[in-house]
Amino acid sequence: MKLLMIRHGLTAGNLEKRYIGTTDEPLCEAGIRQLRSCSYPMSEVLLTSPMQRCIQTAAILFPGQAAQTVPDFRECDFGDFEGKSYAELNGDPQYQAWIDSGGTAPFPHGESPAAFRQRCCDAFSAAMKQYADAENICMVVHGGTIMSVLAEFALPKRSYYDWMTENAHARSCEFDGRNIRFSEKL
């Protein structure tokens, strides 16, 4: 099966380099303009996160195509860090503790990175089983969702952060029902 994973377009929070997870932020004008210059192939199945930035991205890229929302494709809950930038968090002892953990400690009053990644991978597995007969699937999701799925399923194995994907960019892959073979970054 061909698999296309697209990260949503830019939001104001992305431009300001803020932790935007559970904030249901829309695309900004720059993000809309960027998406209008993109062209990705249509697919049989279009899956999105429930966040409006992903739904809007899918609607711009694939006008008229119905999308199926996958609730657990939503971005991580950054808890107390939500909506804040590095500059605002710099010097915060909780933020420093999270940095010192290598990004593995739970976000204060938020989700643990391990639980987030597991949630994304479980949702991916369930979606791939549900649409196992499809020849091609497109996911319009968050950077963290893409990173989680590829870190778990892609061969050759790479770390979570190696799979960073920029806004409005995509990763085109093949999924054999068990592993993802990375073909190209779009």
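Distance from a point 7 Å along Cα→Cβ of A87 to each backbone N in the range 1-20: keep the residues under 12 Å and list them by number. Residues 16-18 qualify, since their backbone N sits under 12 Å from the label point.
Partner lysines whose Cα lies under 19 Å from the Cα of K185, excluding those fewer than 8 positions away in the same chain, are identified as K2, K157.
The stretch between C38 and A97 holds 17.3 nm of extra length on full extension. This uses 0.36 nm per residue minus the Cα-Cα distance. Considering only beta bridges that DSSP places wholly inside the chain, some 45 percent are antiparallel.
Taking the chain as a Gaussian network of alpha-carbon nodes connected by springs under 10 Å, the highest mean-square fluctuation of the residues T104, T48, T165 belongs to T104. Overall dimensions of the chain, expressed as equivalent-ellipsoid semi-axes from the Cα gyration tensor (√(5λ), whole Å, largest first), are 27, 20, 14.
None of the figures in this text is laboratory data; all of them are computed from the coordinates on show. Values in this document were obtained by computation on a predicted structure and should not be read as measured data. Quick reminder, even Gly has a Cβ in these numbers, built from the backbone with ideal geometry, and neighbours come from all protein chains shown.
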